1. Kindly identify segment B:1-141 as rounded, prolate or oblate by the Cα gyration tensor criterion: order the square roots of the eigenvalues as a ≥ b ≥ c, call it rounded if a/c is under 1.5, otherwise compare a/b with b/c, prolate if a/b is larger, else oblate.
2. For peptide A:92-105, how many partner chain Cβ atoms fall within 10 Å of a residue's Cβ, on average?
3. Counting only Cα, what are the radius of gyration and maximum Cα-Cα distance Dmax of chain B, in Å?
4. Report the semi-axes of the equivalent ellipsoid for chain A in whole Å, largest first, where each axis is √(5λ) for an eigenvalue λ of the Cα gyration tensor.
5. By DSSP, what percent of the beta bridges with both residues in chain A are antiparallel, rounded to the nearest 5?
6. Taking every Cα atom in segment A:65-135, find the radius of gyration and the maximum pairwise distance Dmax, and write them in Å.
7. So for the protein assembly as shown, Kirkwood radius off the Cα pairs, Stokes-Einstein at 10 °C and 1.306 mPa s: how many µm² s⁻¹?
8. If I take the Cα coordinates of segment B:156-254 and project them onto the principal axes, what are the three extents in Å, biggest first?
Amino acid sequence: MNVITIDDLVKRRGSKEILAGISFQARPGRVTGFLGPNGAGKSSTLRILLGLDRATSGTALIDSVPFVQLRDPLATVGAMLDGSGAHRARTGRAHLRWVARSAGLHRARVDEVLEIVGLTNAASKRVGSYSLGMGRRLGLATALLGDPEILILDEPVNGLDPDGIRWIRTFLRERAASGRTVLLSSHLMGELAETVDDVVVINEGRVVADGTLDEVVGAHRTLEDAFFALTTSGAP
Amino acid sequence: MRALAAEAWKLASLPTVWIATAVGVLVPSVIAGITASATLGAITRGAGTVPGVDTGYQELAFGVVGAIILGVVGISSEYFTESEESGGGRQITTSLTVVPSRLRFLLTKISAIAIAAALLAIIAAATTMGVVRVVLGAHALTLGADDVPRLVGVVCYWVYTALLAFGITVLTRHGVIPLAVLIANTSVVTVTYLLTKITPLANYLPDMAGVRMFIRKLADNTVEISPLTGGLVMTAWVAVLLVIAAIAFTRRDA
């Protein structure tokens, strides 16, 4: 199945409302773009989905189960949040090895994912010496270790060079084409229009548009135009 | 077991853990070497002193700094934030997406740190006692059956101290303050020791009670606490702190 279902998610920190009732789905075989300006609540939603933060109310489920109850999380969901998610003093390979070990994956899988993301040559270098783009590649390699059915990526194109962006687009399209679920967040519209099938736009903790790419773009010229029309209040 | 193997590998692949190991082994053995050669000098001069009953053990009480570093970095490394240019990520997000159950993650971490601290204590105790014997030669007190519970006490003390440092760092989510405070308390400004001058109750603070497991004569201290009582008091402190840490860790946002 591999459906991600977010239902009426509310998150408050003190008196501040970060999410004000977010609902949407991400389906298998499709790339779902989760778009919004910085601070709109994208990362908070994804962190709640991954059990890192707690929702004030509402649910975020993976195949009708919360992430924390998954039997084999790494083989079900591959996640990439901020940066590399690795300690800077370790080498890229050492980082992937402990993740692999905790999921009972074979060492050879570490070299496979290094190859997939193009980090083989930097695998023996410490993560602290990586560029932003290399760190993101390591994060993606970590997400791919368990060859999961679902990918959840927070701002995956951030820090990647044009080559990297082109590569990740193709890569994610292929994942979706093979029937897997891809949910990615971004505040960059131009980069995404060619990658996503479905679009969820959020602003100030609320969903302002949800549909296929064509539906959301609607009468606007581009996804970017639609995005600004939806997220800029009082714009002409 | 897989998660424990991963945590052990995490510790082993962290350079600061090797610094902790070096500190834990070198500090007590070097101090023991210096003290023992001073004692030997006094004996050969005919000053008549014999090595004290706490020779080697005193030094191991200082060497626990290695266990403190281990306990702190074992968890502070999870919260270490990458620079803004590198994306500002933290390893804890990866750890909790691999082992989503907070309690299980924490228990695994505690086990890995306890095992590492025990190994470190065994190596440090063997090295320190070895140095004392090499330096003092025939003048060294022979290690007998009495020393077995004392050496077990050393290992317990190191494991508990590592876990105290760990528990405090789980709460602070940052290594610098617990590291500075705990190391200072063990070496330069022994606040807990000074407190015993003010109130005898301070003898029941975790470190003051814990050292009773293997130290027989505390300087200027008349309060009698048996090794077993000392050990139980420290166990209680560790248990309470770890429960508080677990409650905080499972409730708050990562």
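What follows is calculated from the coordinates using simple rules that are stated; it is not laboratory data. This one's a predicted model, so the numbers in the text were calculated from it and none came from an experiment. Cβ placement follows ideal geometry from the backbone for every residue including glycine, while neighbour counts extend to all protein chains displayed.
1. Prolate is the answer for segment B:1-141, as a/c is 1.5 or above and a/b outweighs b/c.
2. Per residue, the number of nearby Cβ atoms from other chains is 5 on average.
3. According to the Cα coordinates of chain B, Rg and Dmax are 19.6, 67 Å.
4. 29, 20, 17
5. 55 percent
6. Computed over the Cα atoms of segment A:65-135, radius of gyration and Dmax are 12.8, 39 Å.
7. Reported coefficient: 63 µm²/s.
8. 47, 27, 22 Å, listed from the longest principal axis down.
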